[in-house]
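The values are calculated or read from the model by the stated rules, or taken from the named source; none is laboratory data. Everything numeric in this text was worked out from a predicted model, so none of it was measured. Heads up, the Cβs are rebuilt from the backbone with ideal geometry, glycines too, and the neighbour counts pull from every protein chain shown.
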Amino acid sequence: MSSKWYLRDWLSPQRTVVGTLENVHNSGGPIGLHPGDSDTNVLITPNDPAILANRLGGPNTAVANHTQIECEVNVTSEGRDQFENWLKTMLGRNVTAQGVYVDDTDHDNKSELHPLDIVVGQVDDTRTPGDWVDQIIVQHHVALGVSMLLYRFAAASDDRAGLVQEGPPLAEFERDTSVTLALPPRPNGDMSLIPTAEWHLMSGTNFSVAIEPARPEQGDVVNLVAFCEGVGFGNPGYVLGEVAAYWLNPALQLSIDHTSMTFLVNMDTDVSQTHTLQIANVGTGSVTLTVPPPPPPIPPLHVFPFSWQAIPSTALSSGGVINIEVEFTALKKGTSQSGLTIQSNAQGFPRRVTLIGNAIGAVHPK
């Protein structure tokens, strides 16, 4: 047992705190006017103040207003700034934090989560690169904040145990964290819908992340499980990311193998090129689909550069596949752009496939 920290429960050392994220700061390095231990300090006002009482039943006197619990972790120096800035995007939000529950005997026995293992909070917009949230919205026909919820998380192992300063209890050991993420209300009470979640990485090293289905007693949630390598087992890890949670209709799932198709024609040797668009029913039930014909000719060319065979309303059974041949005919040098629309009762439709035609080469007059 550490001389500075008192581990509250050896058999079940991790505790979960739910509350408002109030402050994120760094305690500072070991050199300077106000030396510190380089810990990331996270202050949370818990919904249940019982977590604030130390093992002697005393108040949390070492924290402002005695109403906040301090959560600390020494993140690897390569990720520390990004880790703290990521947490700051959740300030003022209700978060769930997990970590090792201890009393700090050097600071009035104040209760802490130390090391802090993970913080998760629901957010309104994405901070991770790319358009992954937009793709989910389009593909599965969900609305952010209504039929899809977005969460942000930060997890880390402690980098201090056994180095310059003594580490807090269990800092050198690896352990999973598991946080339940609520889904939005089940649409129309449809019990055939599947709780689904996808996660996206912002940054991290020496970690693993998984989304696990809920246990029967948990209800409409999914479980975010994050694991970071412990300092006693190699290089400590951290991970920053986001999770989108939504309902999936397993019966009405239609897949297309291209969201865009690009054509390239050298007009010195040819004037057209053909690509195949494959549409597959990957759900458990039958779906209907329609592909309208190409639009009418565009003046002054009087010829539309893309062509395909229209598909009238068609029932496609589970496992069924339809191929559409799309042809680009070069009318002049340069780039032409349009789109092909697929209409369906499948989740996330209608969908539009972008068509881009590039024509190069010298054009020889007849």
Give me a count of the residues in segment 176-211 that are more than 14 Å from the chain's Cα centre (by Cα), more than 15 Å from Asn223 (Cβ to Cβ) and not charged (D, E, K, R). 11
Name every residue in segment 48-75 that is touching a helix residue (DSSP H, G or I) at 6+ places or on another chain (Cβ under 9 Å) and crowded, with 19+ Cβ neighbours inside 10 Å, in order of residue number. Leu52, Asn60, Val63, Gln68, Ile69, Val73, Asn74, Val75
Look at Tyr151 and say whether it is out of contact with any Pro (no Cβ under 8 Å at 6 or more places or on another chain), crowded, with 16+ Cβ neighbours inside 10 Å, part of a strand (DSSP E or B) and among the aromatic types (Phe, Trp, Tyr). yes
When both residues are 6+ apart or on different chains and their Cβ atoms are under 8 Å apart, which pairs have a first residue that lies in segment 256-283 and is in the same structural domain as Asn323 (by TED's automatic domain parsing), and a second that is β-branched (Val, Ile, Thr) and part of a loop (DSSP other than H, G, I, E, B)? Val265/Val271; Met267/Val363
If only one of Val231, Val239 is modelled with pLDDT of 95 or more and β-branched (Val, Ile, Thr), which one is it? Val239
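Which is buried (at least 17 other Cβ atoms within 10 Å of the Cβ), modelled with pLDDT under 95 and charged (D, E, K, R), of Arg15, Arg8? Outline the logic, then answer.
Details: Arg15 fails: modelled with pLDDT under 95.
Result of the check over Arg15, Arg8: Arg8.
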Being of a type in the set (A, V, I, L, M, F, W, C) and either assigned by TED's automatic domain parsing to the domain that holds His140 or under 18 Å from His140 (Cα atoms) (or both): is that true of Ile311 here? no
